Structures are given as structure tokens and as C-alpha cells.
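Peer 1: What follows is a structure written as C-alpha cells; I'll ask about it next.
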Amino acid sequence: MACPRETAIAREHITGVVLAGGRGSRMGGLDKGLQNHLGMPLALHAMQRLRPQVGALMISANRHLDIYATFGVPVWPDAMADHPGPLAGFLAGLEHCTTPYLLTVPCDAPNFPIDLATRLAAGLTTQDAPIAVAASHEAAGVQLQPVFCLMAVDLKNSLLDFIASGQRQVERWLALQRCATVVFDDAADFTNANTAQELQRLQAPEAPPGVNQAVAREDGPQVDGLG
């Protein structure tokens, strides 16, 4: 589906997808999106942060699909058996997206900017690109945040071909596209939790008294925030 560039992208023209389909290998194999953060699962936290920014939502997940379904949005597993990382989540989102644009965010970076969609949309339109990627100011310079992307849905075939060729790295696929880079000032907004220890460090400064900060020790989900 060809997607003509808009002079301004309306919120209802963007579908957000929360990427929760990883293996969680650095978190002991846990389903990362279901681990507790400030009283609710990480993926649900990401959904709530993303909801005001987009017109529709979905989740990319490969385990505990029944639990993710209780979050109230469509849940799509990878179509490929080997689960080729975030790009598989990108592809699941593009295949099921009914709006002209898809916004991707990982489930494990709970403090991503509340103006992420607005600023990526502005970058995409002003730079006349089919995809806009977030970046942040780091001590060593500007650092790309490659899983925070706003893309036109007509990139689906490019991504299908790239994955079919055996490629798996997000950055390599992005390098083949004409990308707009949008730099955010606060690198901490993109801090993610790859391990249980990193997740606890993310919680500690902001958690109000009484919030359960326990992290699951088994492959069972944490669902404290579902009421």
C-alpha cells in the first residue's frame, strides 16, 4: 500500500506497537513484558504511556499471549519460527497495521518521551523521509535509538526482503532506508532494563511507598497492575 507523505501526521493515522516478543535471555529467560514496574507489567506501562500519542495500539509478543490479550489490544506473535529479534516485531506490526504509519517502542524502556510520536512525525514530514528514528545526546555524541521508529507502512516489502535474506540487525535495515533522525535531549528517557537488576534500578528512584518492587524469579508473569 503506497503511503503518500503528509504535511502533518494526525494522531489517528498512527498505530503504536509495543515490542514484547524477545526471549529475555539477559533476564534469565523471563517474559520481560510481564515483569513488574511500578505496580504493573512493563508492556502495560508502555501501552499506557503510548496510548495518548497514537490512534490505535497493538502488542508484539510470543509467549503468554492469553495474558497479553487481557490488556485490551490486539496481540500478534512473530510469523517466523526463529523469532529474528525486534525486526520480527516491526514486521508483525506492519502486517497488521490499518493506519498509514506505525510507531514502534520496546516494552523495556518505560520512560520513553511523552512527545515521542509528535516529534518523530514532525521529523518524518519535515525531512521528507519514510521513517523517523529517535536518537539521544550521550557523552560520546549522538546515539541512535533504533527500536523507537515511526515508519510508513509501505516499508513492509523492504523489511520482508531484508529478513528473507537472513539479515536480523535493525541498524542494517535502517541504513538501507532514507531515515530522518530526531534527537532528544534526555538520554535517560531511553534507558532500558535488560536484566532484573537494571529493572530494579529503574524502579527505585520513582516508586512511591508501598509499591511492590519484586521481580519475578520464574517464567511466570507478574500481573499486579491488571486490577
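The values are calculated or read from the model by the stated rules, or taken from the named source; none is laboratory data. In this text the structure is predicted, and so the values were computed from the model without any measurement. As a convention, Cβ positions derive from the backbone with ideal geometry for all residues, glycine included, and neighbour counts pool all protein chains shown. Each accessible area value is taken on the protein alone, full model and side chains, heavy atoms only, with ligands, DNA and RNA left out. Shrake-Rupley method; radii C 1.70, N 1.55, O 1.52, S 1.80 Å.
Peer 1: Give me the extension gain from H96 to E12: residue separation times 0.36 nm, minus the current Cα-Cα distance, reported in nm with one decimal.
Peer 2: 28.7 nm
Peer 1: Assuming R0 = 25 Å, can you tell me the calculated FRET efficiency for the pair R201 and E171, based on Cβ-Cβ distance, to the nearest 0.05?
Peer 2: For R0 = 25 Å, the calculated efficiency reads 0.45.
Peer 1: Considering all projection directions equally, how large on average is the shadow of the alpha-carbon convex hull of the stretch 42-91, in square nanometres?
Peer 2: Dividing the Cα hull surface by four gives the mean projection, 3.7 nm².
Peer 1: Hey, if we sort V18, V147 by accessible area with the 1.4 Å probe, largest down, what's the order?
Peer 2: The ordering from most to least exposed comes out as V147, V18.
Peer 1: Taking Cα pairs under 8 Å and at least six residues apart, what relative contact order does the stretch 43-160 come out at, in percent?
Peer 2: For the stretch 43-160, the relative contact order is 25 percent.
Peer 1: Within the stretch 77-198, what whole-number % of the accessible surface is contributed by carbon and sulfur, with the 1.4 Å probe and all protein chains included in the calculation?
Peer 2: 50
Peer 1: Here's another thing I want to ask about it. Determine the shape class of the stretch 79-118: with a ≥ b ≥ c the square roots of the Cα gyration tensor eigenvalues, call it rounded for a/c under 1.5, and otherwise prolate if a/b is greater than b/c, oblate otherwise.
Peer 2: oblate
Peer 1: For the stretch 54-128, what is the charge dipole size about the Cα centre, in debye to the nearest 20, if Lys and Arg each add +1 at the Cβ and Asp and Glu each add -1 at the Cβ?
Peer 2: That gives a dipole near 140 debye.
Peer 1: How much length, in nm to one decimal, is gained on full extension between Q127 and A164, taken as 0.36 nm per residue of separation minus their Cα-Cα distance?
Peer 2: Extending this stretch completely gives an extra 10.4 nm.
Peer 1: Let me ask you something else. Arrange the peptides 95-102, 56-63, 195-202 so that the one whose residues have, on average, the most other Cβ atoms within 10 Å appears first.
Peer 2: In descending order of packing, they fall as 56-63, 95-102, 195-202.
Peer 1: Another question, if that's okay. Could you estimate the translational diffusion coefficient of the stretch 72-144 from the Stokes-Einstein equation, with Rh from the Kirkwood formula over C-alpha pairs, at 25 °C and 0.890 mPa s, in whole µm²/s?
Peer 2: For the chosen part, D equals 171 µm²/s.
Peer 1: Let me ask you something else. Per residue and in cubic angstrom, what volume does the convex hull of the Cα atoms of the stretch 69-199 have?
Peer 2: Each residue corresponds to 137 Å³ of Cα convex hull volume.
Peer 1: A further question follows. Rolling a 1.4 angstrom probe over the protein chains, ignoring ligands and nucleic acids, what is the accessible area of V142 in square angstrom, nearest 10?
Peer 2: Its accessible surface works out to 90 Å², give or take rounding.
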